[in-house]
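Here's the structure we're looking at; comments come further down.
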There are 2 protein chains.
Amino acid sequence: MTATIHHIDAKKAPSLSPMMNIVAADMNKVNAVILDRMQSQIPLIPELAGHLIAGGGKRMRPMLTLACAKLLDYSGERHHKLSAAVEFIHTATLLHDDVVDGSDMRRGKTAANLIFGNPAAVLVGDFLFSRAFELMVEDGSLKVLKILSHASAVIAEGEVNQLTAQRQVETSEDQYLDIIGAKTAALFAAACKIAAVVAERGDHDEQALDCYGRNLGIAFQLVDDAIDYVSTGEAMGKSVGDDFRDGKVTLPVILAYSRGDADERKFWHAAMIGNRISDEDLTHAISLLQKHNAIDDSLNRARLYGQRAIDALCHYPDGQAKSALIEAVEFAIARSY
Amino acid sequence: MTATIHHIDAKKAPSLSPMMNIVAADMNKVNAVILDRMQSQIPLIPELAGHLIAGGGKRMRPMLTLACAKLLDYSGERHHKLSAAVEFIHTATLLHDDVVDGSDMRRGKTAANLIFGNPAAVLVGDFLFSRAFELMVEDGSLKVLKILSHASAVIAEGEVNQLTAQRQVETSEDQYLDIIGAKTAALFAAACKIAAVVAERGDHDEQALDCYGRNLGIAFQLVDDAIDYVSTGEAMGKSVGDDFRDGKVTLPVILAYSRGDADERKFWHAAMIGNRISDEDLTHAISLLQKHNAIDDSLNRARLYGQRAIDALCHYPDGQAKSALIEAVEFAIARSY
């Protein structure tokens with residue numbers, strides 16, 4: 001085991017390609033499982049699921065399972081079904097999220113709930129969620145089932161917590177971190193951890209990969225929430241300012257609100273309860289975020305968690321898989337530039 | 001093993017009391033699990049779940065697991081957690097159903113989605129569903145996990161199928177039976193079947209109890225769909241004519257439509273696509289159902305499935321548990337009177 005120290009390099013333009021390359025053959029098998037298991041005699045199910053699943057997305061979570069398995073030199077096939085299960089859980093939560101948020105766009109396409117209606121989006125989400133558990137049962141590991149059923153419960157708790165915090169401009173950074181730790185990082189952590197389970201490594205590897213995934217997930221969501229205010233709809237696959245209009249109190253808003261004066265706080269209050277949702281209001285909001293370095297500091301927080309993710313890999317020997325996992329963290333953060 | 005033949009007795013007024021009595025002690029333990037496991041640090045979760053769970057309901061499905069376990073002389077405790085899991089799955093589907101249907105009432109109270117909003121109802125449903133799987137994982141039987149994850153996928157398929165059939169007045173009786181077999185009977189069947197698994201009986205008992213539960217579930221839903229047109233809101237815990245107003249093509253409508261003349265069919269067509277939803281239209285619909293014996297014949301179908309449920313118990317010795325399970329079928333059917 002080497003202990004080379006890796007620091008996030010802000011200068012290079014990192015990409016997911018190294019990770020995609022090392023898992024390409026495995027990912028083809030995962031995609032085959034996904035395609036096979038989203039089928040149903042009820043045509044609306046593959047139609048709606050296909051809109052979202054076949055429609056793209058980076059397959060970040062299943063890719064992490066596969067890459068972590070590579071890191072551990074796992075040479076079996078169990079992770080194909082389990083990666084598909086992870087992606088189904090993720091897709092189910094996306095479908096339900098879009099219903100909850102009333103989203104217009106997802107992955108650069110019209111959100112499924114707008115095309116097929118909220119009822120179908122809710123029910124197909126339920127179907128994919130059940131299918132995920134069927135896949136895990138077929139694999140037969142109670143430990144994996146435990147990790148992913150727990151993660152699923154935590155995700156739902158995080159989503160409800162987010163709902164409770166919605167339009168509450170006084171949400172604290174701690175509560176915000178709890179929310180993204182649950183709604184996003186829990187599944188990243190579980191996706192990585194199950195690789196150690198199928199590779200039959202001990203607690204140490206399970207914890208290291210859980211730590212990697214959790215911190216990457218937090219960094220990932222921090223960046224997502226920051227670029228909601230800076231990115232164009234095209235780059236992100238959804239509209240700019242969605243969170244603003246939905247009254248979602250994310251870290252940029254939390255920072256700008258705490259750092260702002262009385263007038264600014266009044267603005268944020270009005271905006272978050274939904275009384276300031278025009279394009280001019282969004283422009284004003286962005287100027288306040290810039291004034292208080294709220295975007296940059298959110299990205300600085302993301303870098304901190306990213307560094308923790310990278311440090312979680314310290315005890316693994318250098319190699320393709322480790323480099324790819326490190327670059328995935330750098331990519332997650334660099335999406336902001 | 002005796003082979004006494006039991007026929008449904010239309011004259012007596014059957015009740016669930018015998019079943020409730022034999023499982024009372026077990027049900028207290030199940031209720032304790034339910035109360036304990038619907039908790040969360042996020043207050044909205046127990047608040048919303050409690051509205052529905054603590055708010056009543058017959059606990060029909062967990063009661064069936066317990067009563068079937070009694071039938072098999074099972075003396076362990078595993079069925080307490082698993083019955084709670086079954087109730088959580090059921091509650092999750094109710095929450096999602098109410099969002100899908102836009103229901104006003106459930107179990108005699110305002111539906112959770114109207115009080116807490118659709119987003120919360122969707123997400124707390126997801127939470128309870130995940131919790132159900134956590135409970136099953138704690139029990140540790142992959143066979144039970146397989147039965148209930150499969151049932152969950154089938155339920156979701158049935159719900160999507162129902163959505164597809166909504167407002168389609170030409171839905172066939174076969175498609176209707178597929179829908180209720182999936183959305184209702186699958187969980188009844190699974191609830192009964194898992195009793196045979198925990199009691200470590202063989203395939204024969206699993207199949208017999210699955211058959212009992214499935215046919216009881218179909219009878220139960222047939223009666224539900226029939227009394228939607230005859231019951232008062234108070235007796236049913238929801239409004240009369242809900243299915244009519246929602247354009248749900250249930251068996252009474254299927255029969256009245258097939259047996260009706262051109263004018264009547266025109267009426268049903270208009271009604272199911274949502275152009276005839278006044279109280280007068282409902283009154284006219286009910287008169288057409290009566291004219292064609294559509295309610296009575298739906299109940300006759302229910303009796304047929306009820307008889308099949310009872311016959312599935314033929315090979316079990318007479319005793320309290322068997323009598324209670326038989327009377328539960330009679331109760332399910334007699335709700336119409």
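Here are some notes:
- Neighbourhood net charge (13 Å Cβ-Cβ; Lys/Arg +1, Asp/Glu -1) for A:A132: -2
- On the beta carbon distance between A:R167 and A:K266, with R0 = 22 Å, the FRET formula returns roughly 0.90.
- The ranking of B:R78, A:R265 by Cβ neighbour count inside 10 Å, starting from the fewest, reads A:R265, B:R78.
- In sequence order, the stretch A:84-97 has phi-based couplings of 5, 4, 4, 5, 5, 4, 4, 4, 4, 5, 4, 4, 5, 4 Hz under the Karplus curve 6.51 cos²θ - 1.76 cosθ + 1.60, θ = phi - 60°, and Gly or Pro positions carry x.
- Two-site FRET efficiency, B:Q320 against B:K143, from Cβ-Cβ distance with R₀ of 35 Å, rounded to 0.05: 0.80
- Take A:K58, push a point 7 Å out from Cα through the beta-carbon direction, and compare it with the same point in every other copy: 5.1 nm, smallest first.
- Under Karplus coefficients 6.51, -1.76 and 1.60, residue-wise ³J(HN,Hα) of the stretch A:65-76 in Hz, glycine/proline x: 4, 5, 5, 5, 4, 4, 4, 8, 6, 6, 10, x
- Whole-Hz Karplus values for the stretch B:171-179 come out as 3, 8, 4, 4, 5, 4, 5, 4, 5 Hz, taken residue by residue from phi with 6.51 cos²θ - 1.76 cosθ + 1.60 and θ = phi - 60°; glycine and proline positions read x.
- All-pairs alpha carbon distance profile, the stretch B:203-337, 10 Å steps from 0, percent: 13, 37, 26, 16, 7, 1
- Under the criterion of Cα pairs below 8 Å and six or more residues apart, the relative contact order for the stretch A:17-334 equals 20 percent.
- In terms of surrounding Cβ atoms within a 10 Å radius of their Cβ, A:K81, B:K12 rank from fewest to most as B:K12, A:K81.
- Residue-averaged 222 nm ellipticity for the protein assembly as shown, from DSSP H runs of 4+ at -39500 (n - 2.57), nearest 500: -23000 deg cm²/dmol
- Pairs exceeding 20 Å between alpha-carbon atoms, taken from B:K12/B:K322; A:K58/A:K81; A:K29/B:K143: A:K29/B:K143.
- Residue order, fewest to most beta carbons within 10 Å, for A:S149, B:S15, A:S278: A:S278, B:S15, A:S149
- Look at the stretch A:112-122: the mean tally of other chain Cβ atoms within 10 Å of its residues' Cβ atoms is 4.
- Whole-number D in µm²/s for the stretch B:17-328 (Stokes-Einstein; Kirkwood sum over Cα pairs; 10 °C, 1.306 mPa s): 79 µm²/s
- The protein assembly as shown: proportion of alpha-carbon pairs further apart than 39 angstrom, %: 37 percent
- For the stretch A:64-112 and the stretch B:289-337, distance of Cα centres in Å: 44 Å
- Cβ-Cβ FRET estimate between B:Q39 and B:N293, R0 fixed at 51 Å, reported to 0.05: 0.55
- Dimensionless Rg ratio for the stretch B:87-187, taking C-alpha atoms and the 2.2 N^0.38 Å reference: 1.16
- Summing +1 for each Lys or Arg and -1 for each Asp or Glu among the other residues whose beta-carbon sits under 12 angstrom from that of B:V169 gives +3.
- Here the alpha carbons of the stretch B:258-337 define both size measures, Rg and Dmax, at 18.4, 54 Å.
- Copy-to-copy label distances for B:A270, where each label lies 7 Å from Cα along Cα-to-Cβ, are 5.1 nm in order of increasing length.
- Contour minus Cα-Cα distance for A:H204 and A:D73 (0.36 nm per residue): 45.6 nm
- Distances between copies at B:Q41, taken between label points 7 Å from Cα along the C-beta direction, are 4.5 nm in increasing order.
- Using alpha-carbon coordinates, inclination of helix A:17-37 to the longest axis of chain A, degrees: 80 degrees
Values quoted throughout were computed directly from the atomic coordinates according to the rules given, and no laboratory measurement underlies them. A quick note: this is a predicted structure, and the numbers were derived from the prediction, not measured. Note: ideal-geometry Cβ built from the backbone for every residue, glycine included; neighbour counts use all protein chains shown.
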